[in-house]
1. Which of the residues spanning region 140-163 are assigned to a helix (DSSP H, G or I) and at positive phi?
2. For region 193-225, name all the residues that are among the β-branched types (Val, Ile, Thr), within 13 Å of ligand 2 (Cβ to nearest atom) and either assigned to a loop (DSSP other than H, G, I, E, B) or open to solvent by 40 Å² or more (accessible area, probe 1.4 Å) (or both).
3. For region 256-273, state whether one or more residues are among the acidic types (Asp, Glu), away from ligand 2 (no atom under 16 Å from the Cβ) and part of a helix (DSSP H, G or I).
4. What number of residues within region 64-77 satisfy the criterion of being outside any loop (DSSP other than H, G, I, E, B) and surrounded by 15 or more Cβ atoms within 10 Å (Cβ to Cβ)?
5. Can you give me the ranges of the helices (runs of 4 or more DSSP H) entirely in region 78-139 with at least 3 residues that are open to solvent by 20 Å² or more (accessible area, probe 1.4 Å) and either within 16 Å of ligand 2 (Cβ to nearest atom) or over 20 Å from Ser52 (Cα atoms) (or both)?
6. Consider Met148 carefully, then state whether it is touching a helix residue (DSSP H, G or I) at 6+ places or on another chain (Cβ under 6 Å), more than 11 Å from ligand 1 (Cβ to nearest atom) and aliphatic (A, V, I, L, M).
7. Give region 164-192 a look and list any residue that's of a type outside the set (Val, Ile, Thr) and open to solvent by less than 20 Å² (accessible area, probe 1.4 Å), or say none.
8. Mind listing just one residue for me: the one in region 180-192 that is part of a loop (DSSP other than H, G, I, E, B) and out of contact with any Leu (no Cβ under 8 Å at 6 or more places or on another chain) and, of those, nearest to Asp102 (Cα to Cα)?
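The values are calculated or read from the model by the stated rules, or taken from the named source; none is laboratory data. In this text the structure is predicted, and so the values were computed from the model without any measurement. Cβ: placed from backbone, ideal geometry, glycine included. Neighbour counts: every protein chain shown. With ligands, DNA and RNA removed, areas are computed over all heavy atoms of the protein, side chains included. Shrake-Rupley method; radii C 1.70, N 1.55, O 1.52, S 1.80 Å.
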Amino acid sequence: MGTMASIIVYCPPDTAEALLEGAERLVHDLDRRLSVYDDHGLGRLNRLGRASLDDEHLRAVVTASDSLQRITGGAFDPTAGGLVRLWGFPASPALPAREDIDSVLAITGWERMVSLSSDSIALAPGAMVDFGAAAKGYAADLAYAALMERGASAALVEIGGEVRCGSRPGFAKVWTVGIRHPRDGGLLDTVRVEQGALATSGDYECFFIDSAGRRLSHIIDPSSGYPAQGAVSASVLAGSCLVADAVATALVIGGWELADSLPEGLVRAILIVEGDDDGIRVGRSGEWQESPNG
Ligand code: ADP
Ligand code: MG
């Protein structure tokens, strides 16, 4: 997934090492299966144009992506992977030629490019998928579940800024998680989470400034082929980190209009930062509307 991870776990001291090692192994294994940078699960799917869904992790991410792309009106769409590559993210981003954007748009669009059956996924010729906007969340969910199953009293798993945390009933740990300010490098907010997942996406980590001074980030709007312009950043609190991760990415494209159209109960709270380099505006909904600090 090309990123950093950290894990905090509350457990008897003699079990800590085994718990952490197990979680680390799991995350590495998921990274191998779900990363476009590898020739395993997803790398193979992109190369061959089809894959069996025998791998439970590939199946879980594909199935969730299928419904999340529908729910987000196509703002979250793993077939945007071709556009991300065209724009040269993350290594060497640059403005592509208009006709190149058009030709990659022609192979973008989950509904048109992906065929799912109960046990396989097939891509239309030329299409590729990239689960970079959901895989970190999925891996955080799984690592968290594994730690709790193996006897942790409380755990927090953070992968590339996406957080899944909680504790055993009765342990009642309340985690305080910071949301970074998208411009000044400090903290925008801190939120208290007993149980759940918090993901943030934005235009401040992987971007370049074009000749017109526009900030262009690695979140690409699959309908236009251009980097998202809907929000500076979006943070989402949800039960599942996969959902929080994918929805946060989608909201950077769709902003509040998309946030307001999400089905009731999909997420628990949303924070969206809008604005430009001259100033930002912060809006909050759901559990964060009344009391952002829990
Ligand atoms: P980060 O936390 O690194 O900002 P995100 O969760 O926002 O990451 O995901 C960004 C990654 O998702 C990009 O690097 C790219 O691989 C992929 N991506 C870009 N645009 C989209 C999109 N519209 N839908 C799904 N995935 C996308
Ligand atoms: Mg995401």
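1. Applying the first criterion (assigned to a helix (DSSP H, G or I)) to region 140-163 yields 140-149.
Of everything in region 140-163, nothing turns out to be assigned to a helix (DSSP H, G or I) and at positive phi.
2. To start, the set of residues in region 193-225 that are among the β-branched types (Val, Ile, Thr) comprises 193, 200, 209, 219-220.
Right, trim to within 13 Å of ligand 2 (Cβ to nearest atom) and you get 200, 219-220.
If the condition is that a residue be among the β-branched types (Val, Ile, Thr), within 13 Å of ligand 2 (Cβ to nearest atom) and either assigned to a loop (DSSP other than H, G, I, E, B) or open to solvent by 40 Å² or more (accessible area, probe 1.4 Å) (or both), then Ile219 is the only one that fits.
3. Initially, region 256-273 is screened for residues among the acidic types (Asp, Glu), giving 257, 260, 264.
When the remaining residues are screened for being away from ligand 2 (no atom under 16 Å from the Cβ), the result is 257, 260, 264.
Cutting the leftovers down to part of a helix (DSSP H, G or I) gives us 257, 260.
Scanning region 256-273 turns up at least one residue that is among the acidic types (Asp, Glu), away from ligand 2 (no atom under 16 Å from the Cβ) and part of a helix (DSSP H, G or I).
4. Keep residues of region 64-77 that are outside any loop (DSSP other than H, G, I, E, B), which gives 64-71.
Subset that is surrounded by 15 or more Cβ atoms within 10 Å (Cβ to Cβ): 64-66, 68-69, 71.
Result for region 64-77: 6.
5. On the way: elements: 81-86, 98-105, 110-113.
Correct list: 81-86, 98-105.
6. On the way: touching a helix residue (DSSP H, G or I) at 6+ places or on another chain (Cβ under 6 Å): no; more than 11 Å from ligand 1 (Cβ to nearest atom): yes; aliphatic (A, V, I, L, M): yes.
No, not satisfied.
7. First, the residues of region 164-192 that are of a type outside the set (Val, Ile, Thr): 164-173, 175, 178, 180-189, 192.
If the condition is that a residue be of a type outside the set (Val, Ile, Thr) and open to solvent by less than 20 Å² (accessible area, probe 1.4 Å), then Cys165, Gly166, Ser167, Trp175, Pro182, Asp189 are the ones that fit.
8. So the first thing to find is which residues in region 180-192 are part of a loop (DSSP other than H, G, I, E, B), and the list is 181-186.
The next check asks that each one be out of contact with any Leu (no Cβ under 8 Å at 6 or more places or on another chain); those that pass are 183-186.
Details: Arg183: 32, Asp184: 35, Gly185: 35, Gly186: 38 Å.
The residue in question is Arg183.
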